[in-house]
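Input: a single structure, listed below in structure tokens.
The values are calculated or read from the model by the stated rules, or taken from the named source; none is laboratory data. A quick note: this is a predicted structure, and the numbers were derived from the prediction, not measured. Cβ sites come from the backbone with ideal geometry, for glycine too, and all protein chains shown count toward neighbours.
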Amino acid sequence: MPQIQIMHQTIRVRFAPSPTGALHIGGVRTALFNYLLAKKHNGTFILRIEDTDQNRFVPGAEDYIIEALAWCGLHFDEGPMQGGPYGPYRQSERKHMYAQFADQLIQKGHAYYAFDSAESLEHKREEWKLKFDHSATYNALTRLEMKNSLTMSAEEVSEALSSGQAYTIRLKMPASEDVRFTDIIRGEVSFNTSELDDKIILKGDGMPTYHLANVVDDYLMKITHVIRGEEWLSSTAHHVLLYRFLEWESVMPQFAHLPLILKPDGKGKLSKRDGVKLGMPVFPLSWEDPNPEDSFVGFKEAGFDPDALINFLAFLGWNPGTEQEIFSMEELIQAFDLSHVSKGGARFDFDKIKWFNQQYLKNQSGEEIASHVTLLIKDAGWNASEEYLAAVCYLLKDRITVYPDIVRDGVYFFTEDFPKDTDTFKKKWNPEHKNIIQGLADLLGNWNSDDSTELEHAVKDYIANSGLGLGQVLPILRIAIAGTLKGPDLFQTVMLIGLRKSQARIQKLIEDSSHLPA
Ligand code: GLU
């Protein structure tokens with residue numbers, strides 16, 4: 001495994017999303033790994049918005065990206081919001097910077113003007129498909145059949161340019177050459193240029209495409225490490241050639257391509273729609289799209305804690321080399337190392353993120369959990385003081401997976417109108433024991449200490465003296481108070497709900513029992 005070289009360099013890494021919609025969880029993982037490397041080495045973490053493809057631009061996407069990463073605790077040192085010495089940090093605002101490099105490439109014979117119309121390209125592609133036994137591209141085999149500055153005379157070219165004919169500038173790839181580079185995660189990687197096409201690097205309106213803009217900006221922004229998803233691996237061959245052709249090889253960043261994130265069953269790449277299909281979020285925040293099919297619920301809105309999400313994402317392709325699983329951001333920064341990132345795809349295991357969330361919620365105070373639930377309680381139409389809500393959250397926190405579970409599981413803490421497990425009640429209820437249960441209600445009503453353990457002893461003594469077993473009485477008591485056999489400690493629950501209220505609930509159950517169908 002090639003070791004990362006960081007000795008005399010200040011690390012500068014960038015997260016470079018295109019604002020084409022909500023940021024998929026894979027993007028958050030990429031941002032996280034960049035962030036961890038930067039912070040570990042006191043480096044700089046940069047946000048660069050790659051918005052040169054105006055057709056794919058989606059309003060609101062940039063704000064979403066910034067907000068989502070801030071929610072995750074990933075804050076940038078340089079970017080469109082905070083500025084910095086290498087701005088602007090939106091490529092559309094850097095448009096004027098790219099043409100000179102495209103010109104340089106043309107001067108040196110590494111790029112050329114292409115004047116092919118969309119129709120002629122379409123037509124040629126069909127022809128190539130029949131002629132060549134591989135996917136047809138604009139490359140060394142075909143470029144001489146096309147209308148470009150390699151096939152036209154210098155006069156024709158300048159006339160075409162001055163008459164305003166539409167053009168693009170294409171990279172002139174060597175006919176057949178192995179382009180090699182070292183990837184920190186994958187080791188030696190090689191692509192033969194015969195498999196790659198003459199990418200468009202600049203369009204007639206002066207807007208660069210991804211490849212040119214990405215390389216020029218990495219160079220101008222002094223990026224030292226490019227950490228991105230595996231899907232960009234073959235583009236790297238184009239990028240390496242651009243560094244060579246522009247004579248920037250000595251400052252070429254090191255590359256690290258992160259493994260794919262796979263569906264929970266390990267079969268194929270996790271897609272945006274898998275979230276909807278599998279009933280789990282795959283986005284950090286919810287996204288409302290004009291097209292309802294493209295609207296998604298995020299981890300935040302589903303009630304996850306951002307630290308748990310980050311902890312989970314860190315393990316998608318990385319491992320610390322130890323058994324430790326729970327890591328704070330600070331611990332991740334210390335432990336993170338690209339040499340522990342795997343090549344193979346990482347399975348997105350929804351049970352695992354739930355497990356992480358449970359661990360994080362267990363460690364939160366009642367107040368902290370309550371702050372995420374207050375609005376949900378209001379929406380449900382319930383009233384609860386801050387103090388009471390915090391106490392409920394504290395009591396329930398070991399049993400919940402996400403914040404809204406407090407509302408789902410804790411109805412009986414907030415209203416008298418809570419669901420009751422009548423089937424179980426019918427199985428346990430014996431009308432002959434009515435007086436004993438009545439006595440229990442009275443015991444609660446007359447009790448005047450707030451120590452739940454004392455109450456537990458008193459109730460158990462009472463049951464023992466009544467001659468019944470605990471199993472005959474406690475389930476009845478629990479259903480009266482909470483409606484269900486599941487739940488936290490019964491006596492703490494009674495204390496929290498209140499002794500008088502609990503007494504009334506038992507009383508009501510006794511009354512209701514007389515209407516029970518046989
Ligand atoms: N704009 C590319 C993206 O959307 C950036 C890829 C890279 O990091 O070079 O992911």
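For the reader, a short list of remarks on this structure follows.
- In summary, residue 60 fulfils each of the numbered conditions (1) touching a residue at least 60 places away in the same chain (Cβ under 8 Å); (2) among the small types (Gly, Ala, Ser); (3) away from the ligand (no atom under 14 Å from the Cβ); (4) over 26 Å from residue 212 (Cβ atoms) with the single exception of condition (1).
- For region 222-242, the set of residues classified as away from the ligand (no atom under 12 Å from the Cβ), closer than 23 Å to residue 39 by Cα and surrounded by 19 or more Cβ atoms within 10 Å (Cβ to Cβ) consists of 224 only.
- Restricting region 10-19 to residues that are more than 9 Å from the ligand (Cβ to nearest atom) and not in a loop (DSSP other than H, G, I, E, B), the residue that is farthest from residue 312 (Cα to Cα): 12
- In summary, residue 22 fulfils each of the numbered conditions (1) more than 14 Å from the ligand (Cβ to nearest atom); (2) within 27 Å of residue 298 (Cβ to Cβ) with the single exception of condition (1).
- Search result, residues across region 8-51 that are over 25 Å from residue 282 (Cβ atoms) and modelled with pLDDT under 95: 8, 9, 10
- Residue match in region 64-74 (condition: modelled with pLDDT of 95 or more, closer than 30 Å to residue 188 by Cβ and away from the ligand (no atom under 14 Å from the Cβ)): no
- Selected residue (criterion: surrounded by the fewest Cβ atoms within 10 Å (Cβ to Cβ)) from residues of region 399-422 that are out of contact with any Asp or Glu (no Cβ under 9 Å at 6 or more places or on another chain) and of a type in the set (Phe, Trp, Tyr): 418
- Conditions (1) free of Cβ contacts under 8 Å to residues at least 60 places away in the same chain; (2) among the aromatic types (Phe, Trp, Tyr); (3) surrounded by fewer than 20 Cβ atoms within 10 Å (Cβ to Cβ): number failed by residue 71: (1)
- Criterion: within 14 Å of the ligand (Cβ to nearest atom), buried (at least 18 other Cβ atoms within 10 Å of the Cβ) and over 29 Å from residue 346 (Cβ atoms) - qualifying residue of 208, 253: 208
- The helices (runs of 4 or more DSSP H) found entirely in region 21-117 that carry 1 or more residues being acidic (Asp, Glu) and on the phi < 0 side of the Ramachandran plot are 61-71, 99-107.
- Failed criterion for residue 459 (all others in (1) touching a residue at least 60 places away in the same chain (Cβ under 8 Å); (2) within 29 Å of residue 514 (Cβ to Cβ); (3) aliphatic (A, V, I, L, M); (4) surrounded by 19 or more Cβ atoms within 10 Å (Cβ to Cβ) hold): (1)
- The single residue among 296, 304, 245 that is buried (at least 19 other Cβ atoms within 10 Å of the Cβ) and in contact with a strand residue (DSSP E or B) (Cβ under 6 Å, 6 or more places away or on another chain) turns out to be 296.
- Among the residues listed as 182, 193, the single one being of a type in the set (Val, Ile, Thr) and surrounded by fewer than 18 Cβ atoms within 10 Å (Cβ to Cβ): 182
- Qualifying residue in region 264-277 (condition: over 23 Å from residue 169 (Cβ atoms), in contact with a Ser or Thr (Cβ under 8 Å, 6 or more places away or on another chain) and within 16 Å of the ligand (Cβ to nearest atom)): no
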